[in-house]
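Peer 1: Quick one: this structure, given as structure tokens, is what I'll be asking you about.
The values are calculated or read from the model by the stated rules, or taken from the named source; none is laboratory data. Worth saying up front: this structure is predicted, and the values here are computed from it rather than measured. Every residue, glycine among them, receives a Cβ derived from its backbone with ideal geometry; neighbour counts consider all protein chains shown. Just so you know, the surface numbers come from the protein's heavy atoms only, side chains and all, with ligands and any DNA or RNA stripped out. Shrake-Rupley method; radii C 1.70, N 1.55, O 1.52, S 1.80 Å.
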Amino acid sequence: MHPFTAKSLSKKILFIAPYPKGKAPSQRFRFEQYIPALEANGFETELIPFLSEKDWAPLYENASVLRKAWSMIRSFWKRFFLLFRLKQYDHIFIHREASMIGPPVFEWFIAKVLRRKYIYDFDDAIWLPNYSQTNARFHRLKAYGKVRKIVKWADQITVGNAYLKGYAEQYNENVSIIPTTVDLDRVHKGKTDQNKTPITIGWTGSHTTMEYLPMLLPILKELRKEFEFKFRVISNHPPDLDFDDLEYIQWNRDTEIEDLKSIQIGVMPLENSQWAKGKCGFKGLQYMSLHIPSVMSKVGVNPEIISHRENGWLCETEEDWKEALQTLIENRELREKLGSAGYQTVKTRYSVEANTTNYLNLFK
């Protein structure tokens with residue numbers, strides 16, 4: 001139990017988020033995994049997503065425009081009725097946005113009409129256009145400019161890194177960094193087996209971040225001429241990569257950790273873009289939590305997480321990537337050393353346990 005008493009705190013927290021519980025990595029690792037700690041400290045919690053389970057499924061599929069439109073209409077209607085229930089909650093926490101498209105109508109109503117304070121949380125540069133090709137023609141409906149207004153109206157803002165904090169502080173001075181974290185006790189348990197052969201180099205992520213994988217393809221092909229290894233991709237959609245030893249695994253929450261533990265080297269390639277600077281290094285943290293040495297692009301928050309060749313490997317050029325992967329393929333002891341150091345970094349700085357008190361402080 002953390003140093004809070006149930007009587008000294010308000011009781012009921014409403015989490016407003018885009019997706020159903022357990023479906024989106026940003027929600028799972030930004031706030032959902034703290035719900036047990038909040039409830040253990042006397043809070044009642046409720047998560048009300050914009051999209052229901054029924055409406056979430058067709059969103060990123062090639063479903064008809066009419067079906068997607070009806071899902072949005074139904075979701076807006078539910079959000080409207082939620083406004084009449086807000087008085088029963090002591091705290092309101094909004095992750096990313098109250099509605100997935102359109103202007104910030106609900107946030108404005110909460111702040112300006114109902115005069116309710118809310119905590120606003122985000123972990124990507126969501127003020128910049130970023131969208132899946134499945135919904136590319138509708139991306140302007142996202143109204144990216146609404147982010148600065150939601151930040152301005154918020155009572156508190158929590159973000160995943162310093163780059164995001166710098167953006168938010170242009171509009172609101174009450175900004176704090178709570179890193180995206182992993183749960184070493186309940187979820188990311190165990191470690192990879194570095195004695196397993198052939199070695200598996202792996203990547204995990206959603207289809208929206210798969211665009212960075214092609215930059216590794218020439219390097220993997222060149223290394224494959226000399227070394228035997230597999231390249232594993234764990235995602236919600238198969239990658240379009242021309243690589244003979246590619247192993248695709250459909251992401252499944254029930255098998256996610258076991259699928260990750262079969263990787264001996266984890267990669268996180270990024271381009272040096274404004275969007276990439278907003279990323280919170282979560283792929284690398286997942287690898288590190290399972291004692292997997294993490295090889296990451298030297299972009300954004302990654303250099304804050306990784307001390308080069310001490311708890312992971314940072315790369316800027318193709319030559320860097322080739323050197324990193326070749327060295328780690330050849331050197332089992334180095335893989336174990338970096339994996340162990342990476343785990344300690346996660347435990348002390350990027351775990352749920354290390355950040356729970358900061359999270360509870362939001363709801364004093």
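Yes or no, residue by residue, for (1) in contact with a strand residue (DSSP E or B) (Cβ under 8 Å, 6 or more places away or on another chain); (2) open to solvent by 10 Å² or more (accessible area, probe 1.4 Å):
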| site | (1), (2) |
| --- | --- |
| 295 | yes, no |
| 298 | yes, yes |
| 302 | yes, no |
| 310 | no, yes |
| 314 | yes, yes |
| 324 | yes, no |
| 330 | no, yes |
| 333 | no, yes |
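Peer 1: Checking residue 319 against (1) buried (at least 19 other Cβ atoms within 10 Å of the Cβ); (2) at pLDDT 95 or above; (3) not in a loop (DSSP other than H, G, I, E, B): exactly one of these is not met. Which one?
Peer 2: The one condition residue 319 does not meet is (1).
Peer 1: Being crowded, with 16+ Cβ neighbours inside 10 Å and in a loop (DSSP other than H, G, I, E, B) is the filter here; which residues of the range 240-253 pass it?
Peer 2: Passing the criteria: 243, 251.
Peer 1: While we're looking at this one, here's another question. Which of the residues belonging to the range 268-289 are farther than 17 Å from residue 189 by Cβ, in a helix (DSSP H, G or I) and open to solvent by less than 10 Å² (accessible area, probe 1.4 Å)?
Peer 2: Matches in the range 268-289: 276, 284.
Peer 1: Additional query: Condition test on residue 230, is it surrounded by 15 or more Cβ atoms within 10 Å (Cβ to Cβ) and not acidic (Asp, Glu)?
Peer 2: yes
Peer 1: Looking only at strands (runs of 3 or more DSSP E) that fall completely inside the range 154-230, which ones have 1 or more residues that are closer than 23 Å to residue 358 by Cβ?
Peer 2: 156-159, 175-177
Peer 1: Additional query: For residues that are in contact (Cβ under 8 Å) with a residue 60 or more places away in the chain and over 20 Å from residue 305 (Cα atoms), tally how many sit in the range 331-343.
Peer 2: Summing the residues that are in contact (Cβ under 8 Å) with a residue 60 or more places away in the chain and over 20 Å from residue 305 (Cα atoms) in the range 331-343 gives 1.
Peer 1: Which one of 120, 131 is in a strand (DSSP E or B) and either buried (at least 20 other Cβ atoms within 10 Å of the Cβ) or at pLDDT below 75 (or both)?
Peer 2: Selected residue: 120, the only one of 120, 131 that is in a strand (DSSP E or B) and either buried (at least 20 other Cβ atoms within 10 Å of the Cβ) or at pLDDT below 75 (or both).
Peer 1: Still on this structure, I have one more. Return the residue satisfying two criteria in turn: it lies in the range 134-163 and is modelled with pLDDT of 90 or more, under 17 Å from residue 103 (Cα atoms) and hydrophobic (A, V, I, L, M, F, W, C), and of such residues it is most open to solvent (accessible area, probe 1.4 Å).
Peer 2: So, considering only residues that are modelled with pLDDT of 90 or more, under 17 Å from residue 103 (Cα atoms) and hydrophobic (A, V, I, L, M, F, W, C), the one most open to solvent (accessible area, probe 1.4 Å) is 153.
Peer 1: Let me ask something else about it. Give 61, 46, 53 a once-over and let me know the one that is out of contact with any His (no Cβ under 9 Å at 6 or more places or on another chain), open to solvent by 50 Å² or more (accessible area, probe 1.4 Å), modelled with pLDDT of 95 or more and of a type in the set (Asp, Glu).
Peer 2: 46
Peer 1: Here is a further query. Examine the range 164-178 for a residue that is open to solvent by 30 Å² or more (accessible area, probe 1.4 Å), of a type in the set (Val, Ile, Thr) and touching a strand residue (DSSP E or B) at 6+ places or on another chain (Cβ under 9 Å), and state whether such a residue exists.
Peer 2: So far as the range 164-178 goes, yes, one or more of its residues are open to solvent by 30 Å² or more (accessible area, probe 1.4 Å), of a type in the set (Val, Ile, Thr) and touching a strand residue (DSSP E or B) at 6+ places or on another chain (Cβ under 9 Å).
Peer 1: Being touching a residue at least 12 places away in the same chain (Cβ under 8 Å), of a type outside the set (S, T, N, Q) and touching a Pro at 6+ places or on another chain (Cβ under 9 Å) is true for just one of 267, 295, 346. Which residue is that?
Peer 2: 295
Peer 1: On the basis of being open to solvent by less than 20 Å² (accessible area, probe 1.4 Å) and out of contact with any Ser or Thr (no Cβ under 7 Å at 6 or more places or on another chain), does residue 86 make the cut?
Peer 2: yes
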